[in-house]
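To start, the structure itself, in structure tokens.
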Amino acid sequence: MARSIAEPAMTEPLVLMPSFATGFDMEVCSEFVRIVFWDDLLTLDGDQPERRIVQRLIMPAETARKLLKELRRAAHKGGH
């Protein structure tokens, strides 16, 4: 009989500030997925548009597949 293994407790040794992003770019490798998130900054007259990087994330491909599955499920339900 297989024993179920409890998930480890989630801890936050460093307080991570939430990031708001208006866009992202993704690079997919065979084993990892790299995602860079940015925020489009408002410009004043004559200023050049700017995309400021707010977060970089690298994860194993399997984790990215799980994330995509959960995002699709949440989008389909329309919940948060």
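Only the coordinates and a few stated rules stand behind these numbers; no lab work does. If you're wondering where the values come from, they're calculated on a predicted model, not measured in any experiment. Positions of Cβ are generated from backbone atoms using ideal geometry, with glycine treated the same way; all protein chains shown enter the neighbour counts.
Given H placed on each backbone N at 1.01 Å, which residues far from residue 54 in sequence or on other chains put an amide H within less than 5 Å of it?
37, 38, 39
For the chain, what does -39500 (n - 2.57) per DSSP helix run (n ≥ 4), summed and divided by total residues, give at 222 nm, in deg cm²/dmol to the nearest 500?
-7000 deg cm²/dmol
Taking a point 7 angstrom from the Cα of residue 63 along the C-beta vector, which residues in region 1-42 have backbone N less than 16 Å away?
8-14, 16, 27-37
Using only Cα atoms, tell me the angle between helix 61-77 and the longest principal axis of the chain; keep it within 0 to 90° and round to the nearest 10.
Computed tilt is about 80 degrees.
Output the peptides 58-71, 4-17 sorted from most to least packed, where packing is the average of other Cβ atoms within 10 Å over each peptide's residues.
The peptides rank, most packed first, as 58-71, 4-17.
Can you compute the radius of gyration and Dmax for the chain, using only the Cα atoms, both in Å?
Calculated on Cα positions, Rg and Dmax stand at 17.6, 69 Å.
Would you kindly derive the ³J(HN,Hα) couplings of region 29-44 from the backbone phi angles with the Karplus curve 6.51 cos²θ - 1.76 cosθ + 1.60 (θ = phi - 60°), listing them in order in whole Hz, with x for Gly and Pro?
10, 5, 10, 9, 10, 10, 10, 10, 9, 9, 10, 6, 7, 5, 10, 8
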